[in-house]
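The structure under discussion appears below in the form of structure tokens.
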Amino acid sequence: MSLCWLSHAIPKRFWSILWVDCRVRSAVLTFLFPNCSISLVEPHLHSLLLTLLHHVLLVFICLFFVPMSRNRWKFNFQSFLLGVVNGWSIAFALVHSSRLHTVTFCIYAYFFSLFHFSEFLMTALTNVESLRPDSFLLNHSPAYWTAAICSWIEFWTRAWAFPTFCSLYVSSIGVCCCIFGEFFRKLAMCHASVGFTHQIAVRRHKDHQLCTQGVYAFSRLNIGLP
């Protein structure tokens, strides 16, 4: 499975899934709309009241104009939340572009929200049968969120105690690592296809096939399952 083939197959698969699957279509809309609206509008709003009204309008539009049902609200709520975080990270970075600490944290928040949404989207593209609200990985584990919150506290404590410690060079390396890591992980999901799932398997399924192509030809953790 070459990169050239993937570059043609993934967009075609995306539009196909977007057209057929209402869960994916509504989730993409509820992610993109607040993302674009906040990043474009919020830098020009200088009033807390206008900001609140803007968010109320976003919620109203997503509730009444995006198809939603009892089975779909879990998808839409998570994608809307990630879209808001993604949009605010862009807006804050634009407004406070002279503050390196703020921009650095905004870039982190951007990649953080983008990662969780891309996990859902890539699961829809490669293994739609396993698509569920848990595909966003927002309910990963208490340990995951404990580590994340501790990292936020550590970052701002260090920024307050050592304001000159933040380095643009180090942050740039971090951005490159995030891009490479995302590319490598999503490429692995494409190569594994239906063999990839967020559910941890403790027993081998009858229809399971070992993937040894693509990135798995170079990197694989061999674990024997009964």
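Those residues that are hydrophobic (A, V, I, L, M, F, W, C) and at pLDDT below 70, I need them from the stretch 182-195; list them, please.
Going through the stretch 182-195, the residues hydrophobic (A, V, I, L, M, F, W, C) turn out to be 183-184, 187-190, 192, 194.
Passing the criteria: only VAL194.
Considering only residues that are among the small types (Gly, Ala, Ser) and within 16 Å of PHE112 (Cα to Cα), look in the stretch 144-171 and name the one that is surrounded by the most Cβ atoms within 10 Å (Cβ to Cβ). Let's see the steps before the verdict.
Taking the stretch 144-171 and keeping what is among the small types (Gly, Ala, Ser), we get 147-148, 151, 159, 161, 167, 171.
So of that shortlist, the ones also within 16 Å of PHE112 (Cα to Cα) come out as 147-148, 151, 171.
Working: ALA147: 11, ALA148: 12, SER151: 11, SER171: 17.
Taking the candidates together, the pick is SER171.
Here's the yes/no breakdown for (1) within 25 Å of VAL56 (Cβ to Cβ); (2) touching a Cys at 6+ places or on another chain (Cβ under 9 Å); (3) of a type in the set (Phe, Trp, Tyr); (4) in a loop (DSSP other than H, G, I, E, B):
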residue	(1), (2), (3), (4)
LYS74	yes, no, no, no
VAL84	yes, no, no, no
TRP88	yes, yes, yes, no
HIS101	no, yes, no, no
GLU119	no, no, no, no
SER135	no, no, no, no
HIS140	no, no, no, yes
PRO163	no, no, no, yes
SER172	no, no, no, no
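Would you say GLU119 is touching a residue at least 12 places away in the same chain (Cβ under 8 Å), surrounded by 11 or more Cβ atoms within 10 Å (Cβ to Cβ) and of a type outside the set (Gly, Ala, Ser)?
For GLU119, the condition - touching a residue at least 12 places away in the same chain (Cβ under 8 Å), surrounded by 11 or more Cβ atoms within 10 Å (Cβ to Cβ) and of a type outside the set (Gly, Ala, Ser) - is met.
Just for the stretch 72-116: of the residues that are among the polar types (S, T, N, Q) and in contact with a Leu (Cβ under 7 Å, 6 or more places away or on another chain), which one is surrounded by the most Cβ atoms within 10 Å (Cβ to Cβ)? Walk me through how you get there before you give the answer.
Residues of the stretch 72-116 among the polar types (S, T, N, Q): 76, 78-79, 86, 89, 97-98, 102, 104, 113.
With the extra rule that they be in contact with a Leu (Cβ under 7 Å, 6 or more places away or on another chain), the set shrinks to 78, 86, 113.
Working: GLN78: 23, ASN86: 25, SER113: 22.
Once the filter is applied, the top-ranked residue is ASN86.
The values are calculated or read from the model by the stated rules, or taken from the named source; none is laboratory data. Keep in mind it's a predicted model, so treat the numbers as computed, not measured. When we count neighbours, we look across all protein chains shown, and the Cβ atoms used for this are built from the backbone with ideal geometry, even at glycine.
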